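Report on the structure given below.
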Amino acid sequence: MARTPKKLPPVPPLSSDNQAQSTWGLAHSYELAARVLRGQSQPASSLPTLFLLLHSLELFLKAFLLCQGVTEGELRSLGHDLVACIRACKDKGLAQYVILERAALAQVIRVNRYYSDKELEYFTPRAKSFGSIDMLNSTVCTVAKGVLGVVHGKAFLALYHPAP
């Protein structure tokens, strides 16, 4: 006879600062996992690496938005649309902390359709063009560093070790 799992007691919500820090930390863990896969020389690791980089980018951007007072509901309405996240970040002043080159933005726009439509997680029968994974990695690291100062402040800067 299957046992019904016990319902967990409600937990108080995190403050927006703690939620932003936790989101940044989660993003960083995905970026670190991508770094490990990038060290592999197998072509089979390229799609998972791309997914991890894009997911970390989404979370870094959402951590910034949390610091700017965006609610969890507003974040959910952005979904997994990286372009919508970047626009929302731009509206909240991200350019004060992060400058992305036009080519980097163009690449994010190009791969966003695969990411937001979950085409990196499930098989889809169409060819995809991603551009340079090195450039995407650089974009993610740039956003991570810029958002880190906003999210964690000076006391936490030692936690982040960007990819060489």
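The values are calculated or read from the model by the stated rules, or taken from the named source; none is laboratory data. Predicted, not measured: the structure shown is a model, and the values here were computed from it. Using ideal geometry, Cβ is built from the backbone for each residue, glycine included, and neighbour counts are taken over all protein chains shown. Keep in mind that these areas ignore ligands, DNA and RNA; they rest on the heavy atoms of the full protein, side chains included. Shrake-Rupley method; radii C 1.70, N 1.55, O 1.52, S 1.80 Å.
Here K118 is the anchor, and the aspartates and glutamates within straight C-alpha reach of less than 12 Å, apart from those fewer than 8 places off in the same chain, are D81.
The residues of the chain expose on average 61 square angstrom of accessible surface per residue, using a 1.4 Å probe on protein heavy atoms.
With helices as the sole contributors, the chain gives -19500 deg cm²/dmol at 222 nm; each DSSP H run of n ≥ 4 counts as -39500 (n - 2.57), and the sum is divided by every residue. Label separation (R102 vs K6): 6.1 nm, computed from points 7 Å beyond Cα along the C-beta direction. The fraction of accessible area contributed by carbon and sulfur in the chain is 58 percent, rounded to a whole number (1.4 Å probe; ligands and nucleic acids excluded). For the chain, the membrane-span-like helix rule (DSSP H, alpha carbon extent of at least 27 Å along the helix axis, mean Kyte-Doolittle at least 1.0) picks out 46-67; this says nothing about an actual membrane. Please state the shape class of the range 1-79: rounded when a/c is under 1.5, otherwise prolate if a/b exceeds b/c and oblate if not, all from the C-alpha gyration tensor. Since a/c reaches 1.5 but b/c is at least a/b, the shape of the range 1-79 is classed as oblate. Have a look at F130, F51, F60 and tell me which one the Gaussian network model of the chain (Cα, springs below 10 Å) gives the largest fluctuation. Per the Cα network of the chain with a 10 Å cutoff, F130 tops the list. Overall, the chain carries a charge dipole of about 220 debye about its Cα centre when +1 sits on the Cβ of Lys and Arg and -1 on the Cβ of Asp and Glu, all other atoms neutral. In the elastic network of the chain, a GNM with C-alpha springs shorter than 10 Å, the most mobile of Y115, Y97, Y30 is Y97.
Of R126, R87, R38, which is the most mobile in a GNM of the chain whose springs link Cα atoms less than 10 angstrom apart? The residue with the greatest mean-square fluctuation here is R126.
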